[in-house]
Amino acid sequence: MSETMIIVVFFISLGILLFGIMKLKMDSGVMMLITSLITGIILMMPAKVLVGTVAKGFGNMMAALGIVVGLGSILGGILSESGATDQLALAMLRKFGSKNANMALNATGYLISIPVFMGPAYIILNPICTTLARHTKKSVMGYTTALVVGLMCTHCLVIPTPGPLAVSGSLGANVGLFILYSLVVSAPASICGGILYGNYLTKRFSDNAESDSVTDDESIREIEKNQNAVHPSALDAVFLILLPIILILFATLAPYITKNLFVMNICIFLSAANGVGALLLSDLIAWMMLSKYIEKSPSKVFGSSLNDVGDIFFILAASGSYGAIISASGIGKVLGAMISAAHIPLFLMAFVMSVLLKAALGSSATALVTTASLIAPMMSTTGGNPIIVGLAICLGGLGICLPTDGAFWEVKEFNGLTMKETFIAHTGGNLIACIVGFIVLCVLSRLTFLPGI
């Protein structure tokens, strides 16, 4: 099949998927599987290969996220049933007020996603968004955008996250300077795409008549009225939310301090498969700490939490099938070849290639690593600056977040958003961050008096 036809098929498949979900009101997971099969047929994939690719993509996504989503939802269920998330929302309203809640959420996501994968961090922190929205009567879209953009900015740009670490290594960039300039680029991107745009969404999509009539004091009184006589403190909630993050951070940094075999095995247990061990241990500690505030048995709390995300399991896995078919189409190589032949400046070529690969393949990490591998051989002949080119690649990972991305469906399903709302909040917020970050990078590239630039 020609390169042009491969790109046409990609857009046709997206059109089929969006039409089925938005117009026909089909279930998202089922529609992704249907679209995967239709796309494979159009690409003339042999039946055995088509079915095998769909099944492999389904399984790989569940292997990567299934246990994490399950354990994260259990932790959220324990915090919710005990009243800990209400206490945390209460503390945030008292400390920052609802007007500054987006700033607090964005800063939290920005900092936490430096040592921790975006997926587990989002699942752990998202209940704060839904709790705040429930009590302030404001749209959850603004809160979600503030949190997700903060998480994504450092996930895509700041080492030690694997994506930017791999990019800096492939291009031979100085790691210390790469970290410094990634913070310079990502901070304004997070503020514009997360806080400012999040504030706009809060005003635009909240029922103003209802939300404006609810003051912070009234929200606080409502939480206090509905809580149990005996309840955990906000510090308990903060500790338990940070616990898996601290454990994963320990697992990340400890190998640089010691090579002790026992410590190394603990690190492997805690960090394997996106932090499964850290989440499992956190669930157990959370239950030991908070069970005295919960009337239900462990089986009911855990079962209810898992039932709440049953649909999400299928949708995430189906997105893996769809992504696998798109990847198997060879669109990544086609886009890379087309952009390379365009003879545009290297850092701009790297940015565009990364944006398109993120849109096509879904995974930010895959887009970053793939782009870096394609760009690296060109560095010596073009004289490109490894830091500027590397940051351009990393910014591309923020770019166009489509249904090919598992995070798209996490944001949609965990917050009960429609497809349109998810595009506006998740895709829109990250796209703004991407554009702002690239503008800052363009300015930075002109400041040649700076070290490494």
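The values are calculated or read from the model by the stated rules, or taken from the named source; none is laboratory data. Small disclaimer: the values here were computed from a predicted structure and weren't measured. Counting neighbours? That spans all protein chains shown, and the Cβs are built from the backbone with ideal geometry, glycine included.
Could you look through the range 114-128, keep only residues that are out of contact with any Gly (no Cβ under 9 Å at 6 or more places or on another chain) and either of a type in the set (A, V, I, L, M, F, W, C) or surrounded by 24 or more Cβ atoms within 10 Å (Cβ to Cβ) (or both), and pick out the one that is modelled with the lowest pLDDT? Here the answer is I114. Output yes when any residue across the range 132-141 is among the charged types (D, E, K, R) and surrounded by 22 or more Cβ atoms within 10 Å (Cβ to Cβ), and no when none is. Checked against the condition, which is being among the charged types (D, E, K, R) and surrounded by 22 or more Cβ atoms within 10 Å (Cβ to Cβ), the range 132-141 yields at least one hit.
Each row is one residue, and each column tells you yes or no for (1) without any contact (Cβ under 8 Å) to a residue 40 or more places away in the chain; (2) within 27 Å of the chain's Cα centre (by Cα).
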{"site": "F11", "(1), (2)": "yes, yes"}
{"site": "L18", "(1), (2)": "no, yes"}
{"site": "S28", "(1), (2)": "no, yes"}
{"site": "T39", "(1), (2)": "no, yes"}
{"site": "I42", "(1), (2)": "yes, no"}
{"site": "G59", "(1), (2)": "no, yes"}
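Can you say whether G150 is out of contact with any strand residue (DSSP E or B) (no Cβ under 7 Å at 6 or more places or on another chain), under 20 Å from I245 (Cβ atoms) and surrounded by fewer than 23 Cβ atoms within 10 Å (Cβ to Cβ), as far as the supplied structure shows? In short, no.
Of all residues in the range 413-428, those satisfying the criterion of being part of a helix (DSSP H, G or I) and either acidic (D, E) or surrounded by fewer than 23 Cβ atoms within 10 Å (Cβ to Cβ) (or both) are E413, M419, K420, E421, T422, F423, I424, T427, G428.
Restricting the range 61-93 to residues that are hydroxyl-bearing (S, T, Y) and in contact (Cβ under 8 Å) with a residue 60 or more places away in the chain, the residue that is nearest to V140 (Cα to Cα) is T85.
Is it the case, given these coordinates, that A91 is within 21 Å of I245 (Cα to Cα) and either touching a Lys or Arg at 6+ places or on another chain (Cβ under 8 Å) or of a type in the set (K, R) (or both)? Judged against the criteria, A91 is not a match. Just one of the listed residues (A407, A392) is more than 14 Å from the chain's Cα centre (by Cα), at pLDDT 80 or above and in a helix (DSSP H, G or I), and it is A392.
Only residues that are in contact (Cβ under 8 Å) with a residue 24 or more places away in the chain, within 16 Å of T370 (Cα to Cα) and part of a helix (DSSP H, G or I): list them for the range 124-174, please. Listed by number, the residues that qualify are C156, L157, P162, G163, P164, A166, V167, S168, S170, L171. Scanning the range 305-360 for residues that are at pLDDT 70 or above and assigned to a loop (DSSP other than H, G, I, E, B), we see that the one that is surrounded by the most Cβ atoms within 10 Å (Cβ to Cβ) is S329.
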